[in-house]
Amino acid sequence: MILVTGGAGYIGSHACVELLNAGKQVVVLDNFSNSSRTSLERIRQICRKPLAVVEGDIRDQAVIEKTLREFGCTAVVHFAGLKSVFESVSSPLDYYDNNVIGTHRLLRAMQGCGIKRIIFSSSATVYGDPKFLPYTEDHPLGPVNPYGQTKFFVEQMLRDLFVSDRSWSIGILRYFNPIGAHESGLIGEDPKGVPNNLLPFVAQVAVGRRERLNIFGNDYDTPDGTGVRDYIHVVDLAQGHVAALASLDKPACFAVNLGTGRGYSVLEVVKAFEKASGRPVPYDLRPRRAGDVATCYAGTDLATKVLGGWRATKDLETMCRDHWRWQSQNPNGYDA
Ligand code: NAD
Ligand code: UDP
């Protein structure tokens with residue numbers, strides 16, 4: 001049995017599907033602070049398999065220990081946490097509380113139960129400003145906002161834990177820009193309020209929920225002046241977790257990038273989304289957004305090596321098509 005923290009959220013729900021499809025049993029622990037219970041129903045609908053759910057908070061060590069014991073868990077895939085860079089600047093203590101203290105309690109609970117296998121959702125933001133590209137895993141770490149700091153601190157906590165006890169198996173996965181949705185259109189990203197990220201915003205403009213996209217900066221040193229990112233299909237990303245879990249069959253502590261290795265500009269994404277949806281995405285060019293880098297993409301060789309040959313296979317067209325299917329079938333998200 002695998003404990004999936006934050007399994008009702010965007011990436012967690014897709015990971016649950018892939019874990020269930022791979023024949024694993026799954027129990028989700030989520031406090032639903034940024035998700036809907038409906039996503040769990042949809043996972044059951046896609047997989048036609050049981051999925052256990054515990055409503056609880058990762059900062060509650062007793063609940064985690066009880067869940068780990070009750071369900072006989074052997075490993076944890078840890079998604080739960082807060083993820084908005086913007087919000088982390090105005091509410092840093094909430095971010096340190098949920099992400100750092102929460103993970104600390106989770107690790108304590110695991111230690112208390114003798115469960116020593118964990119996969120952690122880290123982020124490309126731990127690298128900070130690029131000293132060279134692509135970002136390979138040996139790129140210096142230097143997060144530039146509180147959200148990135150929380151990911152960096154947790155990574156460090158995990159590395160220190162492994163040094164203290166080398167019987168742990170720890171996989172740190174640094175995600176680049178997950179987009180898209182399950183091909184069924186039943187699960188997908190359902191941000192609360194105004195989306196901060198590009199794809200959900202573009203999709204909400206295409207579906208008519210918002211009027212125009214703001215493009216933050218067209219004077220970067222990139223082919224068309226807009227920011228370049230490494231977008232990865234969320235199903236490829238989710239499958240990376242199944243591969244990582246298989247790699248944790250022996251003690252280890254590794255950090256690998258989950259990306260495609262290729263970047264697309266904001267304008268390229270807008271064009272691809274217009275094509276996939278058949279809808280216009282009108283936009284305004286705005287000044288740069290504070291804290292953004294011009295270009296960000298992953299070196300992927302280490303992940304493929306460590307994760308037994310895993311690599312992302314879905315292209316931008318598929319990402320946009322699947323994202324659109326989810327958005328058009330659920331124009332107001334899960335609880336419309
Ligand atoms: P999400 O907000 O959709 O999912 C997070 C889930 O965790 C939600 O269901 C939320 O209710 C739950 N949660 C939050 N705090 C909790 C707590 N204290 N106790 C229990 N549950 C809690 O986010 P996501 O996009 O699915 O991201 C999952 C993980 O991946 C996060 O850790 C995020 O930082 C990381 N990540 C995401 C991205 C991205 O672009 N989406 C990129 C890099 C890393
Ligand atoms: N972006 C934009 N308009 C938006 C949201 C994002 O132009 O409403 C740009 C942003 O400046 C960056 C790219 O889209 O160049 C990806 O941004 P996102 O927030 O999705 O990911 P991150 O910056 O965290 O990599």
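Nothing in this text is a laboratory measurement; each read-out follows from the coordinates by a stated rule. Predicted model, so just to flag it, every value in this text is computed and none were measured. All Cβ positions, glycine included, derive from the backbone under ideal geometry; neighbour counts span all protein chains shown.
Here are the numbers:
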item	result
Whole-number percent relative contact order across the range 80-174, with pairs defined as alpha carbons under 8 Å at least 6 apart	38 percent
The chain - charge dipole about Cα centre, Lys and Arg +1 at Cβ, Asp and Glu -1, debye rounded to 20	560 debye
Phi-based couplings in Hz for the range 182-191 (Karplus 6.51, -1.76, 1.60; Gly and Pro marked x)	4, 5, 5, x, 8, 10, x, 7, 10, x
Rounded to the nearest 20 debye, dipole of the range 85-223 from Cβ charges on Lys, Arg, Asp, Glu	440 debye
Virtual spin-label span in nm between residue 328 and residue 252, 7 Å along Cα→Cβ	4.1 nm
Straight-distance crosslink candidates among aspartates and glutamates, where the alpha carbon sits under 12 Å from residue 271 and sequence neighbours closer than 8 are dropped	317
Charge dipole of the chain about the Cα centre (unit charges at C-beta), most positive-ward option of 73, 12, 33	73
Whether the range 166-209 is rounded, prolate or oblate, judged on the alpha carbon gyration tensor where a/c under 1.5 counts as rounded	prolate
Cα gyration tensor, the range 287-336 - rounded (a/c under 1.5), prolate or oblate	oblate
284, 190 arranged by Cβ crowding within 10 Å, fewest neighbours leading	284, 190
Cα gyration tensor shape of the range 83-166, rounded if a/c is under 1.5, else prolate or oblate by comparing a/b with b/c	oblate
Whole-Å distance, taken between Cα centres, linking the range 1-29 and the range 196-215	28 Å
Under the Karplus curve 6.51 cos²θ - 1.76 cosθ + 1.60, θ = phi - 60°, whole-Hz ³J(HN,Hα) for the range 225-241, x wherever Gly or Pro sits	x, 9, x, 10, 9, 9, 7, 10, 5, 4, 6, 4, 4, 4, 5, x, 6
Neighbourhood charge, 14 Å Cβ-Cβ cut-off, centred on residue 23 and excluding it, Lys, Arg +1 and Asp, Glu -1	+2
For the chain, the spread of Cα positions along each principal axis, largest first, Å	53, 44, 39
Relative contact order of the chain, defined on C-alpha pairs under 8 angstrom at six or more residues apart (%)	19 percent
Cut-off 20 Å (backbone N to label point 7 Å along Cα→Cβ of residue 224), residues of the range 312-332	315-324
Burial ordering of 167, 84, fewest other beta-carbon atoms within 10 Å first	167, 84
Environment charge at residue 125 (Cβ cut-off 9 Å; Lys +1, Arg +1, Asp -1, Glu -1)	+2
Built amide H within the under 5 Å cut-off of residue 314, gap 5+	233
Out-of-range pairs (alpha-carbon distance over 32 Å; input 49/275; 151/250; 192/314; 49/192; 66/305)	49/275; 66/305
Among 130, 143, 287, residue whose mean-square fluctuation peaks in a GNM of the chain (springs only between Cα atoms under 10 Å)	287
In order through the range 252-268: 3J(HN,Hα) via Karplus (6.51 cos²θ - 1.76 cosθ + 1.60), integer Hz, x for Gly, Pro	5, 9, 10, 10, 9, 7, 10, x, 9, x, 9, x, 10, 7, 4, 5, 5
Amide H partners (placed H, <5 Å) of residue 28, local residues excluded	4, 52, 53, 54
Cα centroid separation - the range 51-128 against the range 259-278, whole Å	32 Å
Taking the range 123-247 and dividing mean pair separation by its residue count, relative contact order in percent (alpha carbons under 8 Å, at least six apart)	21 percent
Which of 157, 319 has the fewest Cβ neighbours within 10 Å, and the rest in rising order	157, 319
Signed unit charges on C-beta, dipole axis of the chain, positive-most listed residue 334, 257, 90	334
